[in-house]
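To start, the structure itself, in structure tokens.
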């Protein structure tokens, strides 16, 4: 219980929560960012492949 109290009531506890939240947010953001760009690259490669076959 002391750890939870320290986490929610001290400056270093709140900063820890902020860093944990920011890290989780950035991991989700980077995952979506990379996935979106990989999908775009795949679509461009398929389009180029279809153009080359014609």
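The values are calculated or read from the model by the stated rules, or taken from the named source; none is laboratory data. Quick caveat, the model's predicted, so the values are computed rather than measured. Cβ coordinates were reconstructed from backbone atoms using ideal geometry, including for glycine residues, and neighbour counts include every protein chain displayed.
Scan (1) surrounded by 10 or more Cβ atoms within 10 Å (Cβ to Cβ); (2) at pLDDT below 95 for the single condition residue 34 breaks and write down its number.
Every condition holds for residue 34 apart from (2).
Out of the residues in the range 1-22 meeting the condition of being loosely packed, with under 10 Cβ neighbours inside 10 Å and in a helix (DSSP H, G or I), tell me which one is nearest to the chain's Cα centre (by Cα).
That would be 12.
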